[in-house]
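Undergrad: Below: one structure in structure tokens.
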Amino acid sequence: MILLDGTKVSLERAEALKEKVVALGFVPKLVIFQVGNRADSTSYIKRKKDYGAKLGFDVELKNFPEDISQEELEKEVDNANKDDSVHGIIVQLPLPDHLDSNKIINHISENKDADGLTSASIYKLVNNEKGTVPATARGILTMLNAYDVEVTGKKVVVVGRSLLVGKSTALNLINNDATVTVAHRKTENLQAITKQADILIVAIGQPQMITKDYIGEGQVVVDVGISPLDETIKGDVHFDNVKDIVGAISPVPGGVGPMTVVSLFENVMDLIESNNG
Ligand code: NDP
């Protein structure tokens with residue numbers, strides 16, 4: 001069994017990225033908008049800030065009170081769009097219920113859209129045009145490429161259909177010539193479908209649900225799930241239960257998580273390069 005070591009691959013990518021930052025001759029800046037102070041969001045943001053600092057990025061957190069209005073937040077995003085010292089913008093989700101997340105995300109200029117979640121970026125992903133790919137989808141493909149896992153012509157099953165992860169990963173793989181099936185809660189005979197995959201990608205947020213009943217012999221398994229359980233974090237795949245039958249598997253932690261973070265900063269670097277080119 002091959003361990004798809006996202007920590008190792010992300011460190012290699014980070015080294016290359018650091019060199020690009022030095023070559024820029026200025027400090028690239030990512031701005032993160034946070035509304036309120038949800039503990040999980042705060043910890044994801046801290047991880048991005050620490051990681052970005054190691055790469056030489058300035059990561060600025062703009063934190064707003066829980067009751068900020070739609071208009072005020074949109075104005076703040078517009079200001080960041082106009083600020084030439086800002087190269088990438090992300091809005092940490094979820095936002096409080098009174099705010100329209102889609103509208104706020106669509107206020108981000110496409111040329112600063114580090115998460116690839118604006119309608120313009122999603123259109124390009126759907127249409128297989130060059131644009132920002134959401135970080136997790138990008139990170140998964142980068143990891144598979146790093147281990148020479150061929151996706152062209154392969155049967156890929158993605159379990160989970162959120163825009164953030166499942167759908168964007170499926171689209172990115174279709175664009176890379178995989179044959180993709182997307183499964184979800186309403187999917188019938190899920191086990192029969194997942195077993196047939198050459199590559200199984202699971203992004204459901206159900207800790208350890210995927211046991212060997214869902215797995216085909218020699219399969220490549222990518223576990224995207226992150227759920228706190230028993231004072232640690234668990235993936236969607238029951239690693240110990242499947243490790244003897246899979247061909248390769250990404251662990252949690254240390255798989256897709258670090259790939260997502262490095263991919264976010266690769267997205268910002270690509271935005272800088274395409275805006276200058
Ligand atoms: P969402 O809750 O938005 O989506 C979950 C998806 O999984 C839905 O499409 C849902 O189906 C499907 N699903 C849930 N339960 C089942 C089930 N029993 N059988 C089949 N399908 C199911 O979550 P996200 O996509 O945002 O995230 C998924 C997981 O990935 C989470 O654990 C999250 O923490 C993690 N994550 C990890 C990242 C990383 O860097 N490693 C980055 C982002 C997220 P339906 O649509 O029918 O409800």
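Undergrad: Sort out which residues of the range 171-180 are out of contact with any Asp or Glu (no Cβ under 9 Å at 6 or more places or on another chain) and open to solvent by less than 60 Å² (accessible area, probe 1.4 Å), and write them in order of number.
TA: Scanning the range 171-180 gives LEU171, ASN172, LEU173, ASN175, ASN176, VAL180.
Undergrad: Right, something else. Output the residue which, of all residues in the range 227-261 that are aliphatic (A, V, I, L, M) and modelled with pLDDT under 95, is farthest from the ligand (Cβ to nearest atom).
TA: Only one residue tops the list, namely LEU229.
Undergrad: Still on this model: What do you reckon, is GLY218 open to solvent by 10 Å² or more (accessible area, probe 1.4 Å) and either under 23 Å from THR194 (Cα atoms) or in contact (Cβ under 8 Å) with a residue 24 or more places away in the chain (or both)?
TA: yes
Undergrad: Being in a helix (DSSP H, G or I), buried (at least 24 other Cβ atoms within 10 Å of the Cβ), in contact with a Lys or Arg (Cβ under 7 Å, 6 or more places away or on another chain) and polar (S, T, N, Q) narrows it down to one residue among SER263, SER168; which is it?
TA: Of SER263, SER168, the one residue that is in a helix (DSSP H, G or I), buried (at least 24 other Cβ atoms within 10 Å of the Cβ), in contact with a Lys or Arg (Cβ under 7 Å, 6 or more places away or on another chain) and polar (S, T, N, Q) is SER263.
Undergrad: Then there is this: Say whether the condition of being charged (D, E, K, R), in the same structural domain as ASP198 (by TED's automatic domain parsing) and touching a His at 6+ places or on another chain (Cβ under 8 Å) is met by at least one residue in the range 139-160.
TA: Scanning the range 139-160, I find no residue that is charged (D, E, K, R), in the same structural domain as ASP198 (by TED's automatic domain parsing) and touching a His at 6+ places or on another chain (Cβ under 8 Å), so the answer is no.
Undergrad: From the set of residues in the range 122-162 that are under 25 Å from LYS29 (Cα atoms) and among the basic types (Lys, Arg), which is surrounded by the most Cβ atoms within 10 Å (Cβ to Cβ)?
TA: In this case the residue turns out to be ARG138.
Undergrad: Could you go through the range 134-149 and let me know if any residue there is touching a helix residue (DSSP H, G or I) at 6+ places or on another chain (Cβ under 9 Å), within 14 Å of the ligand (Cβ to nearest atom) and in a loop (DSSP other than H, G, I, E, B).
TA: Within the range 134-149, one or more residues are touching a helix residue (DSSP H, G or I) at 6+ places or on another chain (Cβ under 9 Å), within 14 Å of the ligand (Cβ to nearest atom) and in a loop (DSSP other than H, G, I, E, B).
Yes or no, residue by residue, for (1) charged (D, E, K, R); (2) more than 12 Å from the ligand (Cβ to nearest atom); (3) open to solvent by less than 20 Å² (accessible area, probe 1.4 Å); (4) in contact with a helix residue (DSSP H, G or I) (Cβ under 8 Å, 6 or more places away or on another chain):
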residue: ALA120; (1), (2), (3), (4): no, yes, no, yes
residue: LEU164; (1), (2), (3), (4): no, no, no, yes
residue: ARG185; (1), (2), (3), (4): yes, no, no, no
residue: ALA203; (1), (2), (3), (4): no, no, no, yes
residue: PRO207; (1), (2), (3), (4): no, no, no, no
residue: ILE210; (1), (2), (3), (4): no, no, yes, yes
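The values are calculated or read from the model by the stated rules, or taken from the named source; none is laboratory data. None of the values given here were measured: they were computed from a predicted structure. Every residue, glycine as well, gets a Cβ built from its backbone with ideal geometry; the counts of neighbours run over all protein chains shown. Just so you know, the surface numbers come from the protein's heavy atoms only, side chains and all, with ligands and any DNA or RNA stripped out. Shrake-Rupley method; radii C 1.70, N 1.55, O 1.52, S 1.80 Å.
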